[in-house]
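S.K.: What follows is a single structure, and I will ask about it in a moment.
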Amino acid sequence: MAYIFEEWKTMLEKFQQCVDKGVEEMHQQKAEVQQIKSDIFNRLDQGTYYHDDQRIVISAPEIVIGNVDKSGALKGGYVGSVVIKGRDVSLEGVGETGRIESRAPFIHQKAVNPGIDGRENVVCDSSEIVSQACDIVLHSSDAKDEFSQLPVHAGRGGISLHADQRFNIEAAVTAERRKKQIEDTIKSLDTQSKDLKKSVENQKKAVDKILQDMIKLCEKEDKLNDEKDHSTFTNLTDISDVHEQMEALMPSIYHSTQTFIDLVSELAEVNRRKKALEKEKGAIKTGDDFKKKSTGASMSVVAENISVATADGDGNLHTNPGAGISVRTPRMGLNMHDDEGALAKDGYFAVSAQDITLNTVNPKDKGKEWPMEGKVKIQSKDINLEAIDYKMNDKCQLWEKELTKEGKITMSAKTVEVSTANPKDIERDEKGKLTKGEYQGEGDVIIRSKTVTVESLDYEVKDGKL
């Protein structure tokens, strides 16, 4: 019988040696060491195991599973765990009013392969989380002790997302930050790996010792069984005593072996994660290779009506200094075109604010210099610049009332050009330089005013006045 425990030692050593090998090799070794655990359980007269090669059905109007008493309350305070494992696991709430409810201070979902022992987190090509319903609600609250707000449903065919404080939507690939996070994680994993290696070695010594004790007992039993006069009272008593020692040793073997297997599995998972992260880190592009090339990340917002407001949950518009909408991009386009590319009928673009600024300033020298660069181009059939007050009539129509008091339109530049030149047969090269064509003066320049003043002079500021 001693050979069985010798085989166990060999299997555990082989299991230990595969911590740096691939996932498939680790899975194969785990399946083999599981047999040791099964053998130990078979020798232990502890616990209850039900198995059927076909099907097991548990049926009752109410079923409670867990470390509970007959009333269904959890025993020993908050002590107890329930693990459900299987390749296919289904939870079904049947009927129009069927429901599935999950409650816990911490609920975590991760689409990974946990392995047969539940100690792995392997991301697969098939990793995904899919939720489908007629109404989906996600509500994040900063409540204490009790959720005071009821989540607002979006209605059939809707999704309601709410956050009391911060709400982030991001479709972006990181480089430097991601690389730094990976480096920090690898550093932490290195520390874990060193600690686990020491724990594995120490636990292996404990397992070897206890298995060696069992082997000695087995050899002693074999020697007693081989004695010719094994029917004597003394001989039978010795054999019985050996059996008792072996039975007393089995629980220790199980716990020591289980701890060793768990530590090796944890070490293998740490090593696997390190390799995966190091590979990912090596593929990260940084510098101009990352900043000046497309990452492929994109975001699409599509709806018949889109509303954006800097308001609180009661709908109050916030005008404090921290309230606002910011857009940061090198290129931005707004168009009111139909599906054919033509201007949408009755389409319009309106901007209304107390102050509006359009500029092409390019700050330099750490913001000390603000030179103007670039262009502002306005193209239209009819362009109006006005400083006029309006009033609304009974038909809700706006009509001009009068010139705005102190209203003023100012153009200031080194060169101001007003032209009614009509371009004819104009051609330009790839850089926009004129290569062919002519401009013919047509149209009119009309200035209407009570007084027209044209000056050509220099100004000097004295006492705050020109």
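S.K.: If residue 51 meets every condition in (1) at pLDDT 90 or above; (2) open to solvent by 100 Å² or more (accessible area, probe 1.4 Å) apart from one, which number is that one?
M.R.: (1)
S.K.: Looking at the stretch 22-32, which of its residues are touching a residue at least 40 places away in the same chain (Cβ under 8 Å) and either outside any helix (DSSP H, G or I) or over 19 Å from residue 196 (Cα atoms) (or both)?
M.R.: Initially, the stretch 22-32 is screened for residues touching a residue at least 40 places away in the same chain (Cβ under 8 Å), giving 23, 26-27, 30-31.
27, 31, listed by residue number.
S.K.: In the stretch 57-86, how many are open to solvent by less than 90 Å² (accessible area, probe 1.4 Å) and in contact with a strand residue (DSSP E or B) (Cβ under 9 Å, 6 or more places away or on another chain)?
M.R.: 5
S.K.: Now for a different question. Go through the stretch 114-137 and report how many residues are of a type in the set (Asp, Glu), open to solvent by less than 90 Å² (accessible area, probe 1.4 Å) and farther than 15 Å from residue 27 by Cα. Let's see the steps before the verdict.
M.R.: Filtering the stretch 114-137 down to residues of a type in the set (Asp, Glu) leaves 117, 120, 125, 128, 135.
Of the ones still in play, those that are also open to solvent by less than 90 Å² (accessible area, probe 1.4 Å) are 117, 120, 135.
Checking which are farther than 15 Å from residue 27 by Cα leaves us with 135.
The total comes to 1.
S.K.: Looking at 63, 36, 56, which is the one that is under 19 Å from residue 211 (Cβ atoms) and of a type in the set (A, V, I, L, M)? Outline the logic, then answer.
M.R.: Details: 63 fails: under 19 Å from residue 211 (Cβ atoms); 56 fails: under 19 Å from residue 211 (Cβ atoms).
Result of the check over 63, 36, 56: 36.
S.K.: Among the residues of the stretch 382-391, is there at least one that is outside any loop (DSSP other than H, G, I, E, B), among the small types (Gly, Ala, Ser) and either open to solvent by 80 Å² or more (accessible area, probe 1.4 Å) or within 30 Å of residue 456 (Cβ to Cβ) (or both)?
M.R.: If we filter the stretch 382-391 for residues that are outside any loop (DSSP other than H, G, I, E, B), which is where we start, we get 388-391.
Keeping just the survivors that are among the small types (Gly, Ala, Ser) gives none.
Checked against the condition, which is being outside any loop (DSSP other than H, G, I, E, B), among the small types (Gly, Ala, Ser) and either open to solvent by 80 Å² or more (accessible area, probe 1.4 Å) or within 30 Å of residue 456 (Cβ to Cβ) (or both), the stretch 382-391 yields no hits at all.
S.K.: Determine the pairs where a residue that is on the phi > 0 side of the Ramachandran plot, located within the stretch 275-296, has a partner that is open to solvent by less than 100 Å² (accessible area, probe 1.4 Å) and modelled with pLDDT under 90 with Cβ atoms under 9 Å apart, the partner being 6 or more residues away or on another chain.
M.R.: Once the first residue is on the phi > 0 side of the Ramachandran plot and sits in the stretch 275-296, its partners that are open to solvent by less than 100 Å² (accessible area, probe 1.4 Å) and modelled with pLDDT under 90 give 287/175; 296/173.
S.K.: Of all residues in the stretch 341-364, how many are open to solvent by less than 100 Å² (accessible area, probe 1.4 Å) and either touching a His at 6+ places or on another chain (Cβ under 7 Å) or of a type in the set (Gly, Ala, Ser) (or both)?
M.R.: Matching residues across the stretch 341-364 total 6.
S.K.: Need pairs with beta-carbon distance below 7 Å; first residue outside any loop (DSSP other than H, G, I, E, B) and within the stretch 114-132, second modelled with pLDDT of 90 or more and surrounded by 10 or more Cβ atoms within 10 Å (Cβ to Cβ); sequence gap 6+ or separate chains.
M.R.: From residues that are outside any loop (DSSP other than H, G, I, E, B), the pairs are 122/112; 122/113.
S.K.: Sort through 175, 171, 143, 111 and tell me the only one that's free of Cβ contacts under 8 Å to residues at least 60 places away in the same chain, open to solvent by less than 50 Å² (accessible area, probe 1.4 Å) and either under 22 Å from residue 23 (Cβ atoms) or in contact with a Ser or Thr (Cβ under 9 Å, 6 or more places away or on another chain) (or both). If you could, list the steps in order and put the result at the bottom.
M.R.: Working: 175 fails: free of Cβ contacts under 8 Å to residues at least 60 places away in the same chain; 171 fails: free of Cβ contacts under 8 Å to residues at least 60 places away in the same chain; 143 fails: either under 22 Å from residue 23 (Cβ atoms) or in contact with a Ser or Thr (Cβ under 9 Å, 6 or more places away or on another chain) (or both).
Residue meeting the stated conditions: 111.
S.K.: Another question about this same structure. Restricting to the stretch 287-296, and then to whatever is closer than 17 Å to residue 170 by Cβ and loosely packed, with under 10 Cβ neighbours inside 10 Å, can you tell me which residue is farthest from the chain's Cα centre (by Cα)? Lay out the reasoning, then the answer.
M.R.: Taking the stretch 287-296 and keeping what is closer than 17 Å to residue 170 by Cβ, we get 290, 294-296.
Those left that are additionally loosely packed, with under 10 Cβ neighbours inside 10 Å: 294, 296.
Working: 294: 21, 296: 17 Å.
Ranking the qualifying residues of the stretch 287-296, first place goes to 294.
S.K.: How many of the residues in the stretch 167-219 are β-branched (Val, Ile, Thr) and assigned to a loop (DSSP other than H, G, I, E, B)?
M.R.: So the first thing to find is which residues in the stretch 167-219 are β-branched (Val, Ile, Thr), and the list is 169, 173-174, 182, 185-186, 191, 200, 207, 210, 215.
Restricting the remaining residues to those that are assigned to a loop (DSSP other than H, G, I, E, B) gives 169, 173-174.
Qualifying residue count for the region: 3.
S.K.: Next question, about the same structure. Cβ-Cβ under 6 Å, sequence separation 6+ or interchain: first residue in the stretch 305-325 and closer than 23 Å to residue 152 by Cβ and among the hydrophobic types (A, V, I, L, M, F, W, C), partner assigned to a loop (DSSP other than H, G, I, E, B) and open to solvent by less than 100 Å² (accessible area, probe 1.4 Å). Which pairs?
M.R.: That search, which allows pairs on different chains as well, returns 323/310.
S.K.: Considering every residue within the stretch 308-322, establish whether at least one is surrounded by 10 or more Cβ atoms within 10 Å (Cβ to Cβ), more than 24 Å from the chain's Cα centre (by Cα) and hydroxyl-bearing (Ser, Thr, Tyr).
M.R.: yes
S.K.: Kindly indicate the residue of the stretch 243-278 that is of a type in the set (D, E, K, R) and more than 23 Å from residue 4 (Cα to Cα) and also least open to solvent (accessible area, probe 1.4 Å) among those meeting that condition. Don't jump to the end; show me each part of the working.
M.R.: Here is the first cut: in the stretch 243-278, the ones of a type in the set (D, E, K, R) are 244, 247, 262, 266, 269, 272-275, 278.
Applying the additional criterion that residues be more than 23 Å from residue 4 (Cα to Cα) yields 266, 269, 272-275, 278.
Values: 266: 75, 269: 16, 272: 52, 273: 91, 274: 39, 275: 102, 278: 93 Å².
Across the stretch 243-278, the extreme among qualifying residues is 269.
S.K.: Can you list residue pairs whose Cβ atoms sit under 9 Å apart, with the first residue in the stretch 205-219 being open to solvent by less than 60 Å² (accessible area, probe 1.4 Å) and the second being among the basic types (Lys, Arg) and in a helix (DSSP H, G or I)? Count only pairs 6 or more apart in sequence or on different chains.
M.R.: Close Cβ pairs (under 9 Å, with a partner that is among the basic types (Lys, Arg) and in a helix (DSSP H, G or I)) amount to 207/9; 208/9; 211/9; 215/9.
S.K.: Give the residue that is nearest to residue 323 (Cα to Cα), with candidates limited to residues of the stretch 115-168 that are β-branched (Val, Ile, Thr) and modelled with pLDDT under 90. Give the derivation first.
M.R.: As a first pass, look at the stretch 115-168 and keep what is β-branched (Val, Ile, Thr): 116, 122-123, 129-130, 136-137, 152, 159.
Okay, now just the ones that are also modelled with pLDDT under 90, so 116, 152.
Values: 116: 51, 152: 24 Å.
It comes out as 152.
The values are calculated or read from the model by the stated rules, or taken from the named source; none is laboratory data. Remember, it's a predicted structure, so these values are computed and weren't measured experimentally. All Cβ positions, glycine included, derive from the backbone under ideal geometry; neighbour counts span all protein chains shown. Ligands, DNA and RNA are stripped out before the accessible areas are found, and what is left, the full protein with its side chains, is counted by its heavy atoms. Shrake-Rupley method; radii C 1.70, N 1.55, O 1.52, S 1.80 Å.
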